[in-house]
Amino acid sequence: MNASGPGIEFRNVSKRYGSQAGAPLAVRDISFSVPSGSLTTILGPSGCGKTTTLRMIAGLEAPTAGQILIAGKDVTTLGPAQRNVSMMFQSYALFPHMDVAHNVMYGLKMSGVARDVARARATEALRNVGLVGYDDRLPSELSGGQQQRVALARALVLEPDVLLFDEPLSNLDARLRREMREEIRSLQQRLGLTVAYVTHDQSEALAVSDHIIVMDQGTIAQRGTPQELYEFPKSEFVAGFMGEAMLFAARADAAGTVSLGPLRITPRQAMAQGAVKVAVRPEAWLIGPPGAGIAGRLAKAAYLGSNYEYVFETELGPVFVVSPDISAALAVGADVGLSLAGHGVSVVQVS
(Lines give C-alpha, C1' and ligand atoms only; values in the text may rest on other atoms or scores of the structure.)
Protein backbone atom coordinates (compact mmCIF):
# COMPACT_ATOMS: atom_id res chain seq x y z
CA MET A 1 0.00 0.00 0.00
CA ASN A 2 1.17 3.49 -0.80
CA ALA A 3 2.18 4.91 2.58
CA SER A 4 2.33 8.57 1.57
CA GLY A 5 0.30 10.91 -0.58
CA PRO A 6 -3.33 10.47 -1.51
CA GLY A 7 -4.85 7.02 -1.33
CA ILE A 8 -7.69 8.26 -3.58
CA GLU A 9 -7.71 11.35 -5.75
CA PHE A 10 -10.54 12.82 -7.85
CA ARG A 11 -9.59 15.47 -10.41
CA ASN A 12 -12.51 17.41 -11.89
CA VAL A 13 -14.73 14.34 -12.03
CA SER A 14 -18.27 14.50 -13.41
CA LYS A 15 -20.85 11.79 -14.00
CA ARG A 16 -23.84 12.11 -16.31
CA TYR A 17 -26.40 9.32 -16.67
CA GLY A 18 -27.66 9.03 -20.24
CA SER A 19 -26.03 9.95 -23.53
CA GLN A 20 -27.96 13.16 -24.12
CA ALA A 21 -25.89 16.33 -23.70
CA GLY A 22 -28.67 17.84 -21.60
CA ALA A 23 -29.01 14.85 -19.26
CA PRO A 24 -28.58 15.91 -15.63
CA LEU A 25 -25.22 15.53 -13.92
CA ALA A 26 -25.28 13.25 -10.87
CA VAL A 27 -21.78 14.48 -9.95
CA ARG A 28 -20.52 17.89 -11.05
CA ASP A 29 -16.82 18.57 -11.51
CA ILE A 30 -15.66 17.47 -8.05
CA SER A 31 -12.06 17.29 -6.87
CA PHE A 32 -10.84 15.84 -3.57
CA SER A 33 -8.26 13.50 -2.08
CA VAL A 34 -8.40 10.84 0.62
CA PRO A 35 -5.00 10.63 2.39
CA SER A 36 -3.48 7.16 2.62
CA GLY A 37 -4.24 5.48 5.94
CA SER A 38 -7.21 7.75 6.71
CA LEU A 39 -11.00 7.41 6.78
CA THR A 40 -12.96 9.96 4.76
CA THR A 41 -16.75 9.96 4.87
CA ILE A 42 -18.84 11.18 1.95
CA LEU A 43 -21.96 12.53 3.60
CA GLY A 44 -25.19 13.95 2.31
CA PRO A 45 -28.93 13.47 1.81
CA SER A 46 -30.45 11.03 -0.67
CA GLY A 47 -29.74 11.96 -4.28
CA CYS A 48 -26.72 14.16 -3.53
CA GLY A 49 -24.27 12.01 -5.56
CA LYS A 50 -22.42 10.28 -2.71
CA THR A 51 -23.14 6.68 -3.79
CA THR A 52 -22.33 7.51 -7.43
CA THR A 53 -19.00 8.91 -6.21
CA LEU A 54 -18.26 5.72 -4.25
CA ARG A 55 -19.19 3.54 -7.24
CA MET A 56 -16.78 5.52 -9.42
CA ILE A 57 -13.98 4.84 -6.92
CA ALA A 58 -14.87 1.14 -7.09
CA GLY A 59 -14.96 1.09 -10.89
CA LEU A 60 -18.64 0.17 -10.95
CA GLU A 61 -19.40 3.45 -12.73
CA ALA A 62 -17.24 5.23 -15.30
CA PRO A 63 -16.89 9.01 -15.01
CA THR A 64 -18.18 11.15 -17.87
CA ALA A 65 -15.23 13.51 -17.38
CA GLY A 66 -12.19 13.83 -15.13
CA GLN A 67 -9.53 11.56 -13.68
CA ILE A 68 -9.45 9.09 -10.77
CA LEU A 69 -6.23 7.94 -9.11
CA ILE A 70 -5.78 5.21 -6.48
CA ALA A 71 -2.42 4.90 -4.68
CA GLY A 72 -0.96 7.25 -7.28
CA LYS A 73 -2.11 5.14 -10.27
CA ASP A 74 -4.56 6.43 -12.87
CA VAL A 75 -7.50 3.99 -12.72
CA THR A 76 -10.05 6.11 -14.62
CA THR A 77 -10.57 3.52 -17.37
CA LEU A 78 -9.87 0.38 -15.31
CA GLY A 79 -12.56 -2.07 -14.20
CA PRO A 80 -13.20 -3.12 -10.59
CA ALA A 81 -10.94 -6.20 -10.75
CA GLN A 82 -7.96 -4.09 -11.82
CA ARG A 83 -8.16 -1.54 -8.99
CA ASN A 84 -7.29 -3.53 -5.82
CA VAL A 85 -10.36 -2.07 -4.12
CA SER A 86 -12.78 -3.90 -1.82
CA MET A 87 -16.35 -2.70 -1.32
CA MET A 88 -18.60 -3.61 1.58
CA PHE A 89 -22.27 -3.31 0.67
CA GLN A 90 -25.26 -2.41 2.82
CA SER A 91 -26.77 -5.89 2.22
CA TYR A 92 -23.52 -7.77 3.18
CA ALA A 93 -24.08 -10.03 0.08
CA LEU A 94 -22.94 -13.21 1.87
CA PHE A 95 -23.44 -16.56 0.12
CA PRO A 96 -26.09 -18.36 2.23
CA HIS A 97 -24.92 -21.89 1.25
CA MET A 98 -21.28 -21.24 2.19
CA ASP A 99 -19.90 -21.32 5.72
CA VAL A 100 -18.10 -18.31 7.16
CA ALA A 101 -14.61 -19.42 6.15
CA HIS A 102 -15.60 -20.11 2.54
CA ASN A 103 -17.42 -16.77 2.31
CA VAL A 104 -14.25 -15.00 3.40
CA MET A 105 -12.02 -17.13 1.13
CA TYR A 106 -14.18 -16.69 -1.95
CA GLY A 107 -12.44 -13.65 -3.43
CA LEU A 108 -9.00 -15.16 -2.87
CA LYS A 109 -9.99 -18.40 -4.60
CA MET A 110 -11.37 -16.46 -7.57
CA SER A 111 -7.99 -14.68 -7.74
CA GLY A 112 -6.15 -18.01 -7.96
CA VAL A 113 -4.71 -18.05 -4.43
CA ALA A 114 -3.87 -21.60 -3.23
CA ARG A 115 -6.50 -23.12 -0.92
CA ASP A 116 -4.23 -23.49 2.12
CA VAL A 117 -2.93 -19.92 1.77
CA ALA A 118 -6.49 -18.62 1.32
CA ARG A 119 -7.62 -20.52 4.42
CA ALA A 120 -4.78 -19.09 6.53
CA ARG A 121 -5.52 -15.54 5.35
CA ALA A 122 -9.25 -16.02 6.01
CA THR A 123 -8.52 -17.22 9.56
CA GLU A 124 -6.38 -14.13 10.17
CA ALA A 125 -9.06 -11.82 8.74
CA LEU A 126 -11.71 -13.42 10.98
CA ARG A 127 -9.41 -12.99 13.97
CA ASN A 128 -9.05 -9.30 13.10
CA VAL A 129 -12.83 -8.82 13.28
CA GLY A 130 -13.31 -10.87 16.46
CA LEU A 131 -14.80 -14.02 14.92
CA VAL A 132 -12.35 -16.74 16.01
CA GLY A 133 -14.07 -20.14 15.97
CA TYR A 134 -16.89 -19.17 13.60
CA ASP A 135 -15.36 -20.74 10.44
CA ASP A 136 -17.93 -23.54 10.03
CA ARG A 137 -21.10 -21.56 10.72
CA LEU A 138 -23.56 -20.57 8.01
CA PRO A 139 -24.67 -16.93 7.65
CA SER A 140 -28.17 -17.93 8.80
CA GLU A 141 -26.68 -19.00 12.14
CA LEU A 142 -25.19 -15.56 12.79
CA SER A 143 -26.62 -12.34 14.22
CA GLY A 144 -26.78 -9.22 12.06
CA GLY A 145 -23.65 -7.86 13.72
CA GLN A 146 -21.76 -11.12 13.13
CA GLN A 147 -22.80 -11.17 9.47
CA GLN A 148 -21.48 -7.64 9.20
CA ARG A 149 -18.12 -8.79 10.61
CA VAL A 150 -17.93 -11.63 8.09
CA ALA A 151 -18.54 -9.16 5.26
CA LEU A 152 -15.83 -6.94 6.71
CA ALA A 153 -13.39 -9.89 6.96
CA ARG A 154 -14.12 -10.83 3.33
CA ALA A 155 -13.25 -7.28 2.26
CA LEU A 156 -10.09 -7.14 4.43
CA VAL A 157 -8.71 -10.53 3.31
CA LEU A 158 -8.05 -9.18 -0.19
CA GLU A 159 -5.58 -6.66 1.30
CA PRO A 160 -6.96 -3.81 -0.82
CA ASP A 161 -5.32 -0.45 -1.43
CA VAL A 162 -8.71 1.09 -0.64
CA LEU A 163 -11.68 -0.19 1.36
CA LEU A 164 -15.12 1.22 0.51
CA PHE A 165 -18.25 1.21 2.69
CA ASP A 166 -21.71 1.94 1.29
CA GLU A 167 -24.15 2.70 4.15
CA PRO A 168 -22.70 -0.28 6.07
CA LEU A 169 -24.64 0.15 9.32
CA SER A 170 -28.14 1.00 8.10
CA ASN A 171 -29.47 -2.56 8.62
CA LEU A 172 -28.42 -2.71 12.29
CA ASP A 173 -30.20 -1.60 15.45
CA ALA A 174 -28.91 1.42 17.37
CA ARG A 175 -26.69 -0.51 19.82
CA LEU A 176 -25.10 -2.64 17.09
CA ARG A 177 -24.58 0.44 14.92
CA ARG A 178 -22.55 2.04 17.69
CA GLU A 179 -20.52 -1.14 18.29
CA MET A 180 -19.80 -1.69 14.60
CA ARG A 181 -18.80 1.89 13.88
CA GLU A 182 -16.32 1.64 16.77
CA GLU A 183 -15.09 -1.69 15.34
CA ILE A 184 -14.63 -0.25 11.84
CA ARG A 185 -12.80 2.80 13.18
CA SER A 186 -10.55 0.69 15.41
CA LEU A 187 -9.65 -1.69 12.56
CA GLN A 188 -9.02 1.17 10.15
CA GLN A 189 -6.61 2.83 12.57
CA ARG A 190 -4.90 -0.41 13.69
CA LEU A 191 -4.32 -1.68 10.14
CA GLY A 192 -3.67 1.73 8.56
CA LEU A 193 -6.42 1.27 5.98
CA THR A 194 -7.42 3.87 3.41
CA VAL A 195 -11.20 4.04 3.66
CA ALA A 196 -13.95 5.92 1.82
CA TYR A 197 -17.22 5.62 3.70
CA VAL A 198 -20.68 6.70 2.52
CA THR A 199 -23.53 7.51 4.89
CA HIS A 200 -26.44 9.93 5.29
CA ASP A 201 -26.11 9.74 9.11
CA GLN A 202 -24.32 12.79 10.54
CA SER A 203 -23.57 11.24 13.95
CA GLU A 204 -22.05 8.17 12.28
CA ALA A 205 -19.87 10.40 10.09
CA LEU A 206 -18.73 12.47 13.07
CA ALA A 207 -17.84 9.31 15.03
CA VAL A 208 -15.71 7.46 12.46
CA SER A 209 -14.08 10.08 10.24
CA ASP A 210 -10.74 11.80 9.90
CA HIS A 211 -12.30 13.97 7.20
CA ILE A 212 -15.85 14.52 5.95
CA ILE A 213 -16.96 15.58 2.48
CA VAL A 214 -20.50 17.00 2.51
CA MET A 215 -22.22 16.72 -0.88
CA ASP A 216 -25.24 18.64 -2.12
CA GLN A 217 -26.81 18.15 -5.56
CA GLY A 218 -23.71 16.57 -7.07
CA THR A 219 -21.21 19.12 -5.76
CA ILE A 220 -18.99 19.36 -2.68
CA ALA A 221 -20.65 21.79 -0.28
CA GLN A 222 -17.76 21.67 2.22
CA ARG A 223 -15.02 19.36 3.38
CA GLY A 224 -12.91 19.28 6.53
CA THR A 225 -12.50 17.57 9.88
CA PRO A 226 -15.64 16.60 11.81
CA GLN A 227 -15.04 19.49 14.22
CA GLU A 228 -14.58 22.03 11.40
CA LEU A 229 -17.82 21.03 9.71
CA TYR A 230 -19.81 20.99 12.94
CA GLU A 231 -18.47 24.21 14.43
CA PHE A 232 -17.65 26.25 11.31
CA PRO A 233 -20.16 25.51 8.54
CA LYS A 234 -19.67 27.74 5.50
CA SER A 235 -23.19 27.64 4.07
CA GLU A 236 -26.82 27.42 5.09
CA PHE A 237 -26.97 23.87 3.71
CA VAL A 238 -24.04 22.57 5.76
CA ALA A 239 -25.16 24.44 8.88
CA GLY A 240 -28.63 22.93 8.64
CA PHE A 241 -27.47 19.45 7.70
CA MET A 242 -24.80 18.92 10.37
CA GLY A 243 -26.42 18.23 13.72
CA GLU A 244 -30.04 18.97 12.78
CA ALA A 245 -29.67 22.69 13.40
CA MET A 246 -32.62 25.08 13.06
CA LEU A 247 -31.89 28.13 10.91
CA PHE A 248 -33.11 31.60 11.93
CA ALA A 249 -32.98 34.75 9.84
CA ALA A 250 -30.99 37.53 11.55
CA ARG A 251 -28.82 40.56 10.82
CA ALA A 252 -25.20 41.43 11.49
CA ASP A 253 -24.45 45.05 12.41
CA ALA A 254 -21.45 47.12 11.31
CA ALA A 255 -19.36 45.61 14.12
CA GLY A 256 -20.29 42.07 13.02
CA THR A 257 -22.51 41.42 16.05
CA VAL A 258 -25.62 39.42 15.25
CA SER A 259 -29.05 40.09 16.77
CA LEU A 260 -31.42 37.16 17.16
CA GLY A 261 -34.49 38.63 18.81
CA PRO A 262 -33.26 40.01 22.15
CA LEU A 263 -30.13 37.82 22.04
CA ARG A 264 -26.74 39.16 20.91
CA ILE A 265 -24.27 36.76 19.27
CA THR A 266 -20.61 37.38 18.49
CA PRO A 267 -19.72 35.05 15.58
CA ARG A 268 -16.41 33.23 15.70
CA GLN A 269 -15.61 34.38 12.18
CA ALA A 270 -15.85 37.87 10.67
CA MET A 271 -19.30 38.81 9.32
CA ALA A 272 -20.14 41.54 6.83
CA GLN A 273 -23.01 43.81 7.74
CA GLY A 274 -26.33 42.52 6.45
CA ALA A 275 -28.52 39.43 6.39
CA VAL A 276 -27.22 36.24 8.00
CA LYS A 277 -28.62 32.92 9.15
CA VAL A 278 -28.05 31.64 12.69
CA ALA A 279 -27.89 27.84 12.96
CA VAL A 280 -28.78 26.64 16.45
CA ARG A 281 -28.52 22.98 17.39
CA PRO A 282 -31.13 21.60 19.81
CA GLU A 283 -28.61 21.11 22.62
CA ALA A 284 -27.44 24.75 22.45
CA TRP A 285 -30.58 26.23 24.04
CA LEU A 286 -30.53 26.91 27.78
CA ILE A 287 -33.87 26.88 29.57
CA GLY A 288 -34.22 29.49 32.31
CA PRO A 289 -36.94 31.45 34.14
CA PRO A 290 -39.25 33.81 32.26
CA GLY A 291 -37.75 37.20 31.57
CA ALA A 292 -34.28 35.94 30.66
CA GLY A 293 -33.51 35.79 26.94
CA ILE A 294 -36.28 34.91 24.49
CA ALA A 295 -39.74 34.30 25.94
CA GLY A 296 -41.01 30.80 25.19
CA ARG A 297 -44.13 28.81 25.97
CA LEU A 298 -43.92 25.00 25.92
CA ALA A 299 -46.11 23.52 23.18
CA LYS A 300 -44.89 19.89 23.05
CA ALA A 301 -42.80 17.60 25.27
CA ALA A 302 -41.42 14.09 24.73
CA TYR A 303 -39.51 11.94 27.24
CA LEU A 304 -36.66 9.95 25.62
CA GLY A 305 -35.06 8.37 28.69
CA SER A 306 -31.76 10.27 28.68
CA ASN A 307 -33.31 13.62 27.77
CA TYR A 308 -36.48 15.56 27.01
CA GLU A 309 -37.36 16.97 23.62
CA TYR A 310 -39.32 20.21 23.81
CA VAL A 311 -40.91 22.52 21.26
CA PHE A 312 -41.42 26.10 22.45
CA GLU A 313 -43.46 28.80 20.74
CA THR A 314 -41.38 31.99 20.57
CA GLU A 315 -41.14 35.27 18.66
CA LEU A 316 -38.73 33.41 16.34
CA GLY A 317 -41.33 30.73 15.63
CA PRO A 318 -41.22 27.15 16.98
CA VAL A 319 -37.92 26.31 18.69
CA PHE A 320 -36.79 22.70 19.14
CA VAL A 321 -34.79 22.06 22.34
CA VAL A 322 -33.11 18.94 23.70
CA SER A 323 -32.70 19.13 27.48
CA PRO A 324 -30.60 16.66 29.51
CA ASP A 325 -32.40 17.75 32.71
CA ILE A 326 -34.74 14.80 33.27
CA SER A 327 -35.20 15.55 36.97
CA ALA A 328 -37.31 18.67 36.36
CA ALA A 329 -39.74 18.01 33.54
CA LEU A 330 -41.67 20.97 32.19
CA ALA A 331 -45.44 20.87 31.74
CA VAL A 332 -47.03 21.90 28.46
CA GLY A 333 -48.00 25.56 28.74
CA ALA A 334 -45.03 26.45 30.98
CA ASP A 335 -43.43 29.86 30.33
CA VAL A 336 -39.63 30.01 30.18
CA GLY A 337 -36.72 32.17 29.04
CA LEU A 338 -34.43 30.71 26.36
CA SER A 339 -30.79 31.72 26.04
CA LEU A 340 -27.85 30.26 24.12
CA ALA A 341 -24.83 28.28 25.28
CA GLY A 342 -21.35 28.95 23.90
CA HIS A 343 -21.46 25.81 21.76
CA GLY A 344 -23.75 24.56 19.02
CA VAL A 345 -24.36 28.00 17.48
CA SER A 346 -23.04 29.00 14.03
CA VAL A 347 -23.58 32.07 11.88
CA VAL A 348 -23.41 31.98 8.08
CA GLN A 349 -23.64 34.84 5.62
CA VAL A 350 -26.67 34.71 3.33
CA SER A 351 -25.39 34.37 -0.22
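The values are calculated or read from the model by the stated rules, or taken from the named source; none is laboratory data. Worth saying up front: this structure is predicted, and the values here are computed from it rather than measured. With ideal geometry, Cβ positions are generated from the backbone for all residues, glycine too; neighbour counts draw on all protein chains shown.
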- Item | Check on Lys300, of a type in the set (Lys, Arg) and in contact with a helix residue (DSSP H, G or I) (Cβ under 6 Å, 6 or more places away or on another chain) | no
- Query: Based on what the data block shows, is Arg121 among the basic types (Lys, Arg), surrounded by 23 or more Cβ atoms within 10 Å (Cβ to Cβ) and either within 17 Å of the chain's Cα centre (by Cα) or part of a helix (DSSP H, G or I) (or both)?
  - Reply: no
- Message: List pairs: first residue in the range 318-338 and loosely packed, with under 11 Cβ neighbours inside 10 Å, second residue assigned to a loop (DSSP other than H, G, I, E, B) anywhere in the structure, Cβ distance under 8 angstrom, at least six positions apart or on different chains.
- Response: Pro324/Ser306; Pro324/Asn307
- Item | Those residues of the range 192-203 which are surrounded by 14 or more Cβ atoms within 10 Å (Cβ to Cβ) and over 16 Å from the mean Cα position of the chain (by Cα), in sequence order | Leu193
- Task: Among residues belonging to the range 204-226 that are in contact with a Cys (Cβ under 9 Å, 6 or more places away or on another chain) and hydrophobic (A, V, I, L, M, F, W, C), point out the one that is surrounded by the most Cβ atoms within 10 Å (Cβ to Cβ).
- Result: Val214
- Item | Filter result for Ile57 (farther than 20 Å from Ala118 by Cα and touching a Phe, Trp or Tyr at 6+ places or on another chain (Cβ under 9 Å)) | yes
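Every residue, every condition in (1) in a strand (DSSP E or B); (2) closer than 24 Å to Ile220 by Cβ, yes or no:
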{"residue": "Val13", "(1), (2)": "yes, yes"}
{"residue": "Ala26", "(1), (2)": "yes, yes"}
{"residue": "Arg55", "(1), (2)": "no, yes"}
{"residue": "Ile68", "(1), (2)": "yes, yes"}
{"residue": "Ala93", "(1), (2)": "no, no"}
{"residue": "His97", "(1), (2)": "no, no"}
{"residue": "Ala101", "(1), (2)": "no, no"}
{"residue": "Gly107", "(1), (2)": "no, no"}
- Query: Any residue in the range 144-166 that is more than 30 Å from Val34 (Cα to Cα), in a loop (DSSP other than H, G, I, E, B) and not charged (D, E, K, R)?
  - Reply: no
- Residue check: is Arg190 among the basic types (Lys, Arg), within 27 Å of Lys73 (Cβ to Cβ) and assigned by TED's automatic domain parsing to the domain that holds Lys50? yes
- Message: Looking at the structure I just gave you, is Ala275 outside the structural domain of Arg28 (by TED's automatic domain parsing), at pLDDT 95 or above and over 30 Å from Ser38 (Cβ atoms)?
- Response: no
- the range 203-297: strands (runs of 3 or more DSSP E) wholly inside it with 1 or more residues that are under 30 Å from Thr64 (Cβ atoms) and among the charged types (D, E, K, R) are 211-216, 219-224
- Query: With respect to Pro290, is the statement that it is touching a residue at least 12 places away in the same chain (Cβ under 8 Å), touching an Asp or Glu at 6+ places or on another chain (Cβ under 6 Å) and farther than 21 Å from Glu228 by Cβ true?
  - Reply: yes
- Query: Does any residue of the range 88-100 turn out to be aliphatic (A, V, I, L, M), loosely packed, with under 13 Cβ neighbours inside 10 Å, in contact with a Lys or Arg (Cβ under 7 Å, 6 or more places away or on another chain) and more than 21 Å from Leu193 (Cα to Cα)?
  - Reply: no
- State whether one or more residues within the range 321-338 are closer than 22 Å to Pro233 by Cβ, within 30 Å of the chain's Cα centre (by Cα) and either modelled with pLDDT of 95 or more or not small (Gly, Ala, Ser) (or both). yes
- Note on the structure: Picked from the range 298-314 (must be surrounded by 12 or more Cβ atoms within 10 Å (Cβ to Cβ) and either assigned to a loop (DSSP other than H, G, I, E, B) or small (Gly, Ala, Ser) (or both)), the residue modelled with the lowest pLDDT is Asn307
- Qualifying residues in the range 66-78 (those that are among the small types (Gly, Ala, Ser) and at pLDDT below 95) - the one nearest to the chain's Cα centre (by Cα): Ala71
- Task: Kindly check whether there is at least one residue in the range 338-346 that is more than 16 Å from Met246 (Cα to Cα), touching a strand residue (DSSP E or B) at 6+ places or on another chain (Cβ under 8 Å) and assigned to a strand (DSSP E or B).
- Result: no
